[in-house]
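Okay, structure first, notes after.
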Amino acid sequence: MGILIGGYLYFSTATPLDRLELPEDSLERLVTREMDLRDALLRAPAWERMLYLGFSGDDDTLNDSIAWYDELGDAVESPLVRLNRVILLAEAGQVNRVSVAIVPWEFRDDASARMAGWVRAAYMKAPPDLETGRKVLTEIREGLPSGWFADVLAARVAAGIGDKSSRTEAESAIAARGDSLLHRRRILVLGELVLLVLGGGVLWRIVARRSDVRIGDALVPPAWTTQEGYGLFIRGTLGFLVMSALLPSILPKESPLVGLSTLAAGAPMLVWTGWYLAAKGASALGAFGLQPPAGGAVRLGSVTVVIIGLSLMGEAGIGLVGTAFQLKTHWADGFLEELLWGPSWLVASVALDSIVWAPVVEEITFRGVLYATFRRRLGAGPAVLVSAGIFALVHGYGTMGFISVFWSGILWALAYERTRSLLPGILGHAINNFFVSAEFIWLLRV
């Protein structure tokens, strides 16, 4: 198994930026939306800012964005990336770094030299005269995509030359976008808060009443031997890797069938496990507790809400700990470009893949097979930790991403142990992925 995981990681050693097709466009969209939202939060009530911090973990958007652009600037050669980085530095008050950065621009090409003039007009000590400043404003509007970078640069130039109308127009555009994003963010946070409070209340009731949370009749530990369980996992994972390598060459780059990609890649695991169980006179539905519980829908819903509430509570705690230890999530970890740039049908397909198929395939693989197999040799606690660690490791994220996925793996394995059913984990996994997809679509795409 160690060789298998090592091989998986070997083929997953690309940096987060290497996994993106449009890193420049994606980072610009992310930073512009984050900076617009930051502007709106500065005008929001103090309690709302504190609530936002509780869910996001920190409020260092500007410095984080500078670090992201530093990394991207080392990886790609782009005048727009250089300009965006310099604007962020200037907004952070790092004028000395700005001065050093724009010196070579004069000798690169006309476009770079013109951008250097924009930066000097916006942030250097002596603003241009009114006529020159208005010419610069026209160049900025014609030369830059609309968004935070263009508006903040225009606002600085307009302020320097005393053009109140142009300054108000730019600042109003930032405020309007920020207010719209904050409204959407409020709705998402409200949904998470409701689930968090509801989950906490249901958990308290279950503990206080010592309620039975059993939903299915899955055997944990399972009937198969340790060697048979490892064999199922290894064959299924190898099949997943092979199918994942073949599917991009078989399917068109943008095909509606992409919504079935996780199901297709997970087919070897599902098929081999189904064949094995059938040979033993069992079914996957029974072995993994996947039958809808007779009269137990309320119990299933209650356990699922508890899982989601604990997941949200853990994510908030992980964010706070990460802030305390200066650990940052890489912006490109798990960045779903298809949801951001793809046509509507592709967005629907990718969302289907993430919200429906991925939870089914991953829960059967990592909890139904892997966790249950470890459970034969280890106690419940060690089996939970080891299976969750492998689950997090194969996602290939950085430290904070690893911790987040590790926490989810712990919750879903514990749910399987206590309920004897994969259904709560599948539903919790699906709702978690729903929130991730919703944030991409509603906060970054729309």
Residues (surrounded by fewer than 19 Cβ atoms within 10 Å (Cβ to Cβ) and of a type in the set (S, T, N, Q)) located in the stretch 313-360: T323, Q326, S344
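Give me the residue from the stretch 207-228 that is more than 22 Å from Q291 (Cβ to Cβ) and touching a residue at least 40 places away in the same chain (Cβ under 8 Å) and, out of that set, farthest from the chain's Cα centre (by Cα).
If we take residues in the stretch 207-228 being more than 22 Å from Q291 (Cβ to Cβ) and touching a residue at least 40 places away in the same chain (Cβ under 8 Å), then T225 is farthest from the chain's Cα centre (by Cα).
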Failed item in (1) part of a loop (DSSP other than H, G, I, E, B); (2) surrounded by 18 or more Cβ atoms within 10 Å (Cβ to Cβ); (3) not basic (K, R), with G281 passing the rest: (2)
Residue among F374, F391, F440 that alone is buried (at least 20 other Cβ atoms within 10 Å of the Cβ), assigned to a helix (DSSP H, G or I) and over 17 Å from the mean Cα position of the chain (by Cα): F374
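Yes or no, residue by residue, for (1) touching a helix residue (DSSP H, G or I) at 6+ places or on another chain (Cβ under 6 Å); (2) at pLDDT below 90; (3) not charged (D, E, K, R):
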residue	(1), (2), (3)
L320	no, yes, yes
Q326	no, yes, yes
P359	yes, no, yes
I364	no, no, yes
G368	no, no, yes
F374	yes, no, yes
Test set (1) farther than 18 Å from L219 by Cα; (2) part of a helix (DSSP H, G or I) - R367 fails condition number: (1)
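Can you go through F406, F391 and tell me which one is more than 30 Å from E28 (Cα to Cα), free of Cβ contacts under 8 Å to residues at least 60 places away in the same chain and not acidic (D, E)?
F391
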Set V86, V103: member being in a helix (DSSP H, G or I) and closer than 19 Å to L27 by Cβ: V86
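Yes/no matrix, rows are residues, columns are (1) assigned to a helix (DSSP H, G or I); (2) modelled with pLDDT of 95 or more; (3) of a type outside the set (G, A, S); (4) not assigned by TED's automatic domain parsing to the domain that holds S172:
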| site | (1), (2), (3), (4) |
| --- | --- |
| E21 | no, no, yes, no |
| E24 | yes, yes, yes, no |
| L27 | yes, yes, yes, no |
| R33 | yes, yes, yes, no |
| R38 | yes, no, yes, no |
| L51 | yes, no, yes, no |
| D59 | no, no, yes, no |
Tally of residues being in a helix (DSSP H, G or I) and closer than 15 Å to P359 by Cα across the stretch 241-273: 10
Residue pairs meeting the criteria (Cβ under 6 Å; at least 6 apart or on separate chains; first among the small types (G, A, S), in the stretch 184-198; second surrounded by 14 or more Cβ atoms within 10 Å (Cβ to Cβ)): none
Verdict on A170 being part of a helix (DSSP H, G or I), outside the structural domain of T373 (by TED's automatic domain parsing) and closer than 30 Å to A316 by Cβ: no
The one condition in (1) surrounded by fewer than 18 Cβ atoms within 10 Å (Cβ to Cβ); (2) assigned to a helix (DSSP H, G or I); (3) assigned by TED's automatic domain parsing to the domain that holds N84 that F149 fails to fulfil: (1)
Test: W224 is in contact with an Asp or Glu (Cβ under 6 Å, 6 or more places away or on another chain) and aromatic (F, W, Y): no
Any hit, the stretch 232-248, residues being at pLDDT 90 or above and closer than 16 Å to R375 by Cα: yes
Condition met for E142 (touching a residue at least 12 places away in the same chain (Cβ under 8 Å), acidic (D, E), part of a helix (DSSP H, G or I) and outside the structural domain of A316 (by TED's automatic domain parsing)): no
Number of the exception - W412 against (1) buried (at least 21 other Cβ atoms within 10 Å of the Cβ); (2) in contact with a Leu (Cβ under 8 Å, 6 or more places away or on another chain): (2)
Cross-chain or 6+ apart pairs with Cβ under 8 Å, the stretch 94-109 first and assigned by TED's automatic domain parsing to the domain that holds P79 and buried (at least 16 other Cβ atoms within 10 Å of the Cβ), then modelled with pLDDT of 90 or more and among the charged types (D, E, K, R): A101/R82; A101/R85; I102/R120; W105/R82
Exclusive hit being touching a helix residue (DSSP H, G or I) at 6+ places or on another chain (Cβ under 9 Å), closer than 21 Å to R43 by Cα and at pLDDT 95 or above, set E139, E171: E171
Test: residue in the stretch 191-211 that is surrounded by 14 or more Cβ atoms within 10 Å (Cβ to Cβ) and under 23 Å from V361 (Cβ atoms): no
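The values are calculated or read from the model by the stated rules, or taken from the named source; none is laboratory data. Keep in mind that what you see is a predicted model, and the values were worked out from it rather than measured. Here the Cβ is made from the backbone with ideal geometry for all residues, glycine too, and neighbour counts use every protein chain on show.
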